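Down below is the structure, laid out as structure tokens.
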Protein chains: 2
Amino acid sequence: MPRIHHVSLDCSPGCPVEATLALIGGKWKGLVLYHLFEEEVLRFNEMRRRLPNVTQRMLTSQLRELEADGFVLRKIYPEIPPKVEYRLSARGRSLEPVIRALKAWGDAHVVVKGAVAKGAVAKGAGTPPKRSAHSPKRAVA
Amino acid sequence: MPRIHHVSLDCSPGCPVEATLALIGGKWKGLVLYHLFEEEVLRFNEMRRRLPNVTQRMLTSQLRELEADGFVLRKIYPEIPPKVEYRLSARGRSLEPVIRALKAWGDAHVVVKGAVAKGAVAKGAGTPPKRSAHSPKRAVA
DNA sequence: CCCGACGGTATACTTTTCGACACTATGGGC
DNA sequence: GCCCATAGTGTCGAAAAGTATACCGTCGGG
């Protein structure tokens, strides 16, 4: 997913859709934003424990990008061991309708491991994909 | 953006967010879905004309993935020259709240080329990104 | 002393996504 | 004949995203 930093788009009526997706589309960003909605403030390792399989490197990177894009505020406490808090900015909170819509759709349509598949799942969708999802390889169904 | 074909996720509460983003996060998918919402049926080159800079190759690929994921229906007419129509399935239409939320947020927060920048734009956002958005390089503002 | 926690950084590498280019058969218009 | 339109396919490479591994200083607990 390309990252757009408030560059101007070649606008067609759909550009805002594309731009929004580009801002929040990093692999872990949706989850990071979601968890910050659920729990107002999180520290680095608290966030890390909520994201299965994320690496330290990637979490740092995505948090920094979200901060750079103005969605997340990062507060450093001058302590040892280090204490850093992450929370949503006003701009980040303005994404709530987006994140809720993504969550609502996913709840209704995505099969969760161990859950009984809902009727909403597309019938023809049982065939395995050509390539695995971007998750640990062993997770392939 | 990884493609998830109804594989089971290692579920944490945010998984539905991640899964939904993975399904619609291809570079052109948001725009394709958006335009199919706006205009019930589109042929291939009609869609193509609505997406600035898309290549034939990429449009075909993203349409096929959306079809494979059950969002888009493809109707072939046995004619020459070829006539193919694309429209949203019921499952595709169920994405409307997601696409509308993405569009609404983008409308309020993303600067469009030629438009006066709104106050909502983050102040610090003027600095160029480390790397360009995934679009033709010369398109950088 | 060793281990784990904290919140990272650095580097190299792998995987994934996307784009560029050439090509396809048919028919209509010039 | 050439060009354009239709809706693609095939191949390769570039760019981007993401991962793996090692390392860092300080402190507290065992």
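The values are calculated or read from the model by the stated rules, or taken from the named source; none is laboratory data. Nothing here was measured: the structure is a model prediction, and the numbers come from that model. Note: ideal-geometry Cβ built from the backbone for every residue, glycine included; neighbour counts use all protein chains shown.
Which number in (1) on the phi < 0 side of the Ramachandran plot; (2) within 12 Å of another protein chain (Cβ to nearest Cβ); (3) within 11 Å of DNA strand D (Cβ to nearest atom) marks the one condition that A:Thr20 misses?
Going through (1) on the phi < 0 side of the Ramachandran plot; (2) within 12 Å of another protein chain (Cβ to nearest Cβ); (3) within 11 Å of DNA strand D (Cβ to nearest atom) one by one, A:Thr20 breaks only (3).
For region A:1-22, which residues satisfy the criterion of being within 14 Å of DNA strand C (Cβ to nearest atom) and either of a type in the set (D, E, K, R) or at pLDDT 90 or above (or both)?
A:Arg3, A:Asp10, A:Val17, A:Glu18, A:Ala19, A:Leu21, A:Ala22
For B:Thr60, which of the numbered conditions (1) of a type in the set (S, T, N, Q); (2) within 13 Å of chain A (Cβ to nearest Cβ); (3) within 13 Å of DNA strand C (Cβ to nearest atom) fails to hold?
Status for B:Thr60: all satisfied but (2).
Any residue at all in region A:85-96 that's within 16 Å of DNA strand D (Cβ to nearest atom) and at pLDDT 95 or above?
There is no residue in region A:85-96 that is within 16 Å of DNA strand D (Cβ to nearest atom) and at pLDDT 95 or above.
Could you pull out the residue among A:Arg87, A:Arg74 that is touching a helix residue (DSSP H, G or I) at 6+ places or on another chain (Cβ under 8 Å), in contact (Cβ under 8 Å) with a residue 40 or more places away in the chain and either in a helix (DSSP H, G or I) or on the phi < 0 side of the Ramachandran plot (or both)?
A:Arg87
Are there any pairs, at least 6 apart or on different chains, whose C-beta atoms fall under 6 Å, with the first in region A:42-54 and more than 12 Å from chain B (Cβ to nearest Cβ) and the second away from DNA strand D (no atom under 14 Å from the Cβ) and not aromatic (Phe, Trp, Tyr), and if so, which?
Hits for this filter: A:Arg43/A:Glu85.
Starting from residues that are of a type outside the set (Phe, Trp, Tyr) and in contact with a Lys or Arg (Cβ under 6 Å, 6 or more places away or on another chain), keep the ones in region B:67-83 and report whichever is farthest from the other protein chains (Cβ to nearest Cβ).
Ranking the qualifying residues of region B:67-83, first place goes to B:Leu73.
Is there a residue being under 19 Å from A:Ile24 (Cα atoms), within 12 Å of DNA strand D (Cβ to nearest atom) and either among the β-branched types (Val, Ile, Thr) or at pLDDT below 95 (or both) anywhere in region A:118-133?
Yes, region A:118-133 contains at least one residue that is under 19 Å from A:Ile24 (Cα atoms), within 12 Å of DNA strand D (Cβ to nearest atom) and either among the β-branched types (Val, Ile, Thr) or at pLDDT below 95 (or both).
Suppose the filter is part of a helix (DSSP H, G or I) and aliphatic (A, V, I, L, M); does A:Leu42 pass it?
no
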